[in-house]
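Colleague: Quick one: the structure is below, questions incoming.
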Amino acid sequence: MPNTKSAGRRTRNSARKQVRNTVVRTQVKTAVKKFRAAVESSLDTSPEVLRVAISTLDKAVKKGVIKRNTADRKKSRLTIALNKATAAAAAKK
């Protein structure tokens, strides 16, 4: 139980933000998982799914849910994964 009115407000705000942050974080995880699945199954749709994942990461940064460098690192790793898969597919042909 908060001792002051302002502490009560902070508690309510924190609860609201926690719900929003959880939703956004889940969306990021889902987008990354969909991209990794797309790379495994079909390289045709992978660039489009990568674009969606990068967009989701950027939106999470904009909302302050994850930090800029974290998003940049994830975007870089996803792009590298796509490039490796594309190079491997080209080498097989």
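The values are calculated or read from the model by the stated rules, or taken from the named source; none is laboratory data. Here the structure is a predicted model, which means the values were calculated and not measured. Counting neighbours? That spans all protein chains shown, and the Cβs are built from the backbone with ideal geometry, glycine included. Ligands, DNA and RNA are stripped out before the accessible areas are found, and what is left, the full protein with its side chains, is counted by its heavy atoms. Shrake-Rupley method; radii C 1.70, N 1.55, O 1.52, S 1.80 Å.
Colleague: Give, rounded to the nearest 20 debye, the magnitude of the charge dipole that the chain has about its Cα centre when Lys and Arg contribute +1 at Cβ and Asp and Glu contribute -1 at Cβ. Display every interim value, and only then the final one.
Modeller: Working: 25 positive and 5 negative charges, 134 e Å.
Its charge dipole is roughly 640 debye.
Colleague: Could you calculate the FRET efficiency of GLN18 with ALA91 from 1/(1 + (r/R0)^6), where r is the beta carbon distance between them and R0 is 35 Å, rounded to 0.05?
Modeller: Values: r = 46 Å, r/R0 = 1.33.
Result of the calculation: an efficiency of 0.15.
Colleague: Considering only Cα-Cα distances, which of the following residue pairs are longer than 31 Å: LYS17/LYS84; LYS59/LYS84; LYS62/LYS84; LYS62/LYS92?
Modeller: Values: LYS17/LYS84 38 Å; LYS59/LYS84 26 Å; LYS62/LYS84 29 Å; LYS62/LYS92 40 Å.
Table pairs above 31 Å Cα-Cα are LYS17/LYS84; LYS62/LYS92.
Colleague: Here is a follow-up. At 7 Å along the Cα-to-beta-carbon direction for both THR79 and GLN27, put a label point, then send me their distance in nm to one decimal.
Modeller: Taking the two extended label points, one gets 2.2 nm.
Colleague: Continuing with this model, one more query. Anyone know which of ARG77, ARG16, ARG68 comes out most mobile in the 10 Å Cα GNM of the chain?
Modeller: Fluctuation is largest for ARG16.
Colleague: Would you mind telling me the share, in percent, of accessible area of the chain contributed by carbon and sulfur at probe 1.4 angstrom?
Modeller: Numbers: 3810 of 7000 Å².
Reported share for carbon and sulfur atoms: 54 percent.
Colleague: I've got another one for you. Starting from a Cα-only point model with no solvent, please compute log10 I(q)/I(0) by Debye for the chain at q = 0.14, 0.22 1/Å.
Modeller: -0.59, -1.02
Colleague: Return one whole number: the accessible area per residue of the chain in Å², for a 1.4 Å probe. Before the final figure, lay out each step's value.
Modeller: Values: 7000 Å² over 93 residues.
Spelled out: the 1.4 Å probe surface of the chain, per residue, equals 75 Å².
Colleague: Separate question: Could you work out how much longer the chain between ALA7 and LYS63 gets when fully extended? Use 0.36 nm per residue separation minus the Cα distance between them, nm to one decimal. Before the final figure, lay out the partial values.
Modeller: On the way: separation 56, 0.36 × 56 = 20.16 nm, distance 2.34 nm.
So the extension gain works out to 17.8 nm.
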